[in-house]
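Novice: First, the structure itself, so that you have it in front of you.
The values are calculated or read from the model by the stated rules, or taken from the named source; none is laboratory data. These figures come from a predicted structure and were not determined experimentally. Cβ coordinates were reconstructed from backbone atoms using ideal geometry, including for glycine residues, and neighbour counts include every protein chain displayed. For the accessible areas, the whole protein counts, side chains as well, though only heavy atoms, and no ligand, DNA or RNA atoms are used. Shrake-Rupley method; radii C 1.70, N 1.55, O 1.52, S 1.80 Å.
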Amino acid sequence: MSDRKPQSNGQTPIIEWTPRTPYPHASNTESRTGDILIALFGVALPAAVIIIEAAFRLCAEAFFDPMPTWAHTLLIASVPVTNAIALAHSRQRNTAPSPWLAGFLASSIAVSAFYALLFLPLAPIAVVAILYFGLGLLPFGPATSCLSALALLGRIKAKHVGTSFRRPILIGALTGTAALVALNIPGVATRLGLIWAASNDTTTRERGLSTLRTFGSQQDLLRFTYDTGGKSGGPLSLLFGLTTPLIFDRGDADPMPSPTKVREIFFRTYGVPFNAFPPPETGRKWARFDDFAFDADHGAAQTGGRIKGLSLISSRMDGSIAAADGAGYLEWTFEFRNVSAIDREARLSLMMPQDAVVSRATLWVNGEEREAAYAGRAEARKAYEQVAVQQRRDPLLVTTKGAGRVLAQAFPVPRDGTLKMKIGMTIALHADGSRASFALPAIADRNFTIGSETSHAIWIESKAPLTSSSPAFKSAPIANSGHRLEGTLTDADLARLRPEVIIEQNAVRPLAVAHINGAPEIEQRLAPPSATPPTDPLIIVVDGSLRIRPHAAAINAALANIAPSRQVGLHIAAEPLVSIAPAPWSETHAARIRSALARHTFTGGQDNTPALIEALKTASTEANARLLWIHGPQPLRFEATASLLEQSADRIGTMPAIDHYAIEPGPNELWPDAPWAWRARLLPSHGDVATDLARILTSPARATIGRPASTEASATAPRGSSHIVRLWAHDEILALMMKDPEGNRTEATRLAADLRLVTPVSGAVVLETAAQYQAANLNPVDKGTVPTVPEPHEWALIILAMMLLGYLAHRQRSLAGASA
């Protein structure tokens, strides 16, 4: 073959043939051997490494995750694909130069070289592992694919000697490097942001939170909350993690915060609890160690993280409403299943109906429903921990968990087995205009999953007609002139809407006496609703967290319902704190408060403690003040400020009436467990913030039903339900603890235990054996002494009356002794 070059002398063209230097092909044997090696080690081996890692996650479990995202996987997969295309191209003759292929090969060289260096420390281990099924070859996949890409790039350059590939090679190498950096920025930013966000310096902490929100990976941060984040985040994140002690000048100390601190940072970053998300997978979905993951919150007084394999499979709520007495009773039965390899503890926090009290707890043991024993909260928890944590047998514990909440925990939900428990609660109806109603309870926080196929089946009966605020319920008459309300709700709808069960107000008697067969009687009086809007001073605390942002306009709109001239102040929980001093409600003051809410940027998860402290201080200067806290989930108790809240409460002489309005379901670990805080009310959210707040702002601060103890009750007054006694006892216990927490604790605990109530001073615990009860100095109650659906028979009321009579006699002797 030759190059033909035309020449001209000005007249006749002359064609000159010049011999062309042929492409120096290697021998057929050498070419075939090179192709086979490239096909094996540049295409097949790296492809096998990618497939095996994607399926079994061997490296992710043992060392680090080389493919934390699909983008990482696609970038790595481009290396053997490019090698295969280049190999096919190199075997073709008479092909035109291909700059784009040279660029792709340069990109593959950059990517594979980086991973080859990353796997270099594993080379000694890999050599030994070659003896075991050849698995030791896998870490060498990046190195062999890099060498193959270099060889293929050399072939292309040799094949097209006269063509310059410098520009495409440079662009390809830079593109591959840039892709590696871009894909690994979230992992590195997560580690760096965590270190900064854990700082005690406000400026450094805010820089860290901003880094996490802008560049961080939520999934990586979630892994760190479960102490499984060390191997996540990608290769650059791993390298950064190995060098952080040197970068931050901490020697051998690990600058990464603990999982507990990371949970706080997660909330500060995203404004939601970490356990609002399913736990992250640590490896392949059937990883052998996932089912054995340690539950750090086992036996603790918080729900903690979600447990893999633990789920709610059945939920039913049965109720009986004594409409004439303004009271009722609900039983909520839960059944859990555990498909993991070890026994698990189920934990859940419930938002109760307003002013309700738990009056029964049972656990099924060996197929038999067992009643609880009632004792002081410390004694009940100690018995539970002795059995659940140390002996790992069958107990149930129910205690209060802040304003309007209870915590239930049961162990074990056996591996490949189920656990069933029931919580009963005495409820109070609340008059509102022409009707009386109560909001259904809901799950606020949990450590188990609820599948889409699991819903809550609700069935409530009453002598009076029943309706509901939710269209999911149907009302129908039943035998004996009764009425039924039934429906099914998903957990999301139950928690978000908190449907109301509604009874006509005229069904509630204005006067009723709890008749318990000759015992001292509890008189219940229903006050007529006030026709004038409340004028008591109002201090509003608004959570400045991200979850409130969608509702800021609704909060602003609801403020129009505040009565003129009412003293109103505002505190927005943020850094720095936003405060507006109380002043009479007027157009000018309303505009000032509305402007503050409209201008505020609701970001992350804010510590509400400083705002609550200032609100308590402000309210203490106003007579009969009311504090309304509008907030989202509060999964943390911020140690730096918690003691300041307790100090302020101890030093403030007069406490305001305190109401919590949680805009959405979630935990509230921030509210303290102290006698002054027990009187706070949890107001239900029904999914419409503007409507809810309008009702709250126009309603009186406290209930319109009074239940004083009376020795001179009217002989002609209607005799009411025994639940009137339980509601009175709950109020009495709180009043005793508010008056003298130390001096009245024994009396309050005895009253709660005698009437089988779970209160801030008492708990309910179910144990498995008589020996366990004896060791804990506890006695399970008889089924006839606790409420059921339907109500207990007359003989059960006699027993309850004797208990109440005994308590009143003991109290009379105590008062006589004190006066003597």
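Novice: Which residues' amide hydrogens lie under 5 Å from the amide hydrogen of Q634, considering only partners 5 or more residues apart or on another chain, with H built in the peptide plane?
Specialist: N668, E669
Novice: Want the number for V181 to R32: 0.36 nm per residue separation, take away the alpha-carbon distance, what's left? Before the final figure, lay out the partial values.
Specialist: Details: separation 149, 0.36 × 149 = 53.64 nm, distance 3.71 nm.
Additional length available on full extension: 49.9 nm.
Novice: Now for a different question. Quick one: divide the alpha-carbon radius of gyration of the stretch 582-735 by 2.2 N^0.38 Å and tell me what you get.
Specialist: In units of the 2.2 N^0.38 Å rule of thumb, it is 1.25.
Novice: Would you please put 450-459, 762-771, 619-628, 603-612 in order of how densely packed they are, using the mean number of other Cβ atoms within 10 angstrom per residue and starting with the highest?
Specialist: So the order, starting with the most tightly packed, is 603-612, 762-771, 619-628, 450-459.
Novice: Mind ranking I85, I443 by accessible surface for me, highest first, 1.4 Å probe?
Specialist: Numbers: I85 80, I443 10 Å².
Listed by decreasing accessible area, they come as I85, I443.
Novice: What fraction, in whole percent, of alpha-carbon pairs in the stretch 132-215 exceed 19 Å separation?
Specialist: 65 percent
Novice: Can you list residues whose amide H is under 5 Å from G417's amide H, if they're 5+ apart or on another chain and H is modeled 1.01 Å from N?
Specialist: N338
Novice: Here's a follow-up. Quick check: with the 1.4 Å probe, what order do D432, D650, D325 take by accessible area, largest first?
Specialist: Values: D432 55, D650 120, D325 10 Å².
Descending accessible area places them as D650, D432, D325.
Novice: Further question: What FRET efficiency would be calculated for the residue pair V81, D673, taking the C-beta separation as r and a Förster radius of 51 Å, to the nearest 0.05?
Specialist: Numbers: r = 60 Å, r/R0 = 1.17.
Calculated transfer efficiency: 0.30.
Novice: In the stretch 186-222, whose amide N lies under 18 Å from the spot 7 Å out along Cα-to-Cβ of A71? List them in ranges.
Specialist: Output list for this probe position: 186-193, 211-222.
Novice: Right, next: Could you calculate the contour length gain from A54 to T95, that is, 0.36 nm times the residue separation minus the distance between their Cα atoms, to one decimal place in nm?
Specialist: Working: separation 41, 0.36 × 41 = 14.76 nm, distance 3.64 nm.
This chain segment gains 11.1 nm when fully extended.
Novice: Carbon and sulfur: what percent of the stretch 607-651's accessible surface (1.4 Å probe)?
Specialist: On the way: 800 of 1820 Å².
After summing per-atom areas, the C and S share lands at 44 percent.
Novice: Could I ask something else about it? Just how much of D35 is accessible, in Å², when a 1.4 Å probe is used and the result is rounded to the nearest 10?
Specialist: Accessible surface of D35 is approximately 10 Å².
Novice: What is the extension gain from L511 to L117, computed as 0.36 nm multiplied by their sequence separation minus the C-alpha to C-alpha distance, in nm to one decimal?
Specialist: Numbers: separation 394, 0.36 × 394 = 141.84 nm, distance 8.30 nm.
Between L511 and L117, full extension yields 133.5 nm more.
Novice: So, taking all protein chains as they sit and a 1.4 Å probe, how much accessible area belongs to H686, in Å² rounded to tens?
Specialist: Accessible surface of H686 is approximately 40 Å².
Novice: Need one value: the accessible area of F602 in square angstrom, 1.4 angstrom probe, rounded to the nearest 10.
Specialist: 10 Å²
Novice: Can I ask one more? Evaluate the distance, in nm, between pseudo-label points positioned 7 Å from the Cα of S643 and of D740 along their respective Cα→Cβ axes.
Specialist: Taking the simple label geometry, S643 and D740 are separated by 3.0 nm.
Novice: Work out from phi, with θ = phi - 60° and the Karplus expression 6.51 cos²θ - 1.76 cosθ + 1.60, the ³J(HN,Hα) of each residue of the stretch 202-207, listed in order in whole Hz, and give x for Gly and Pro.
Specialist: Along the stretch 202-207, the couplings run 4, 5, 5, 4, 5, 4 Hz.
Novice: Still on this structure, please answer the following. As a test of reading the structure, rank I427, I502 by solvent-accessible area (1.4 Å probe, protein chains only), most first. Mind dumping the intermediate values first?
Specialist: Details: I427 0, I502 20 Å².
Descending accessible area places them as I502, I427.
Novice: Hey, rough spin-label estimate for A296 and A158, points 7 angstrom out along Cα→Cβ, what's it come to in nanometres?
Specialist: Simple spin-label model gives 5.7 nm for this pair.
Novice: Still on this structure: May I ask for the percentage of alpha-carbon pairs in the stretch 406-519 that lie more than 22 Å from each other? Display every interim value, and only then the final one.
Specialist: On the way: 3101 of 6441 pairs.
So the pairs more than 22 Å apart make up 48 percent of the total in the stretch 406-519.
Novice: How far is it, in nm, from the label point at R525 to the one at A457 when both lie 7 Å from their Cα along the line to the Cβ?
Specialist: 4.5 nm
Novice: Considering Cα pairs under 8 angstrom that are at least six residues apart, work out the relative contact order of the stretch 178-217 and quote it in whole percent. Walk me through the numbers before you get to the answer.
Specialist: Values: 44 pairs, mean separation 18.5, N = 40.
Reported as a whole number, the value is 46 percent.
Novice: What does the accessible area per residue of the stretch 647-705 come to in Å², with a 1.4 Å probe and no ligands, DNA or RNA counted? Could you put the intermediate results ahead of the total?
Specialist: Working: 2160 Å² over 59 residues.
It amounts to 37 Å² per residue over the stretch 647-705.
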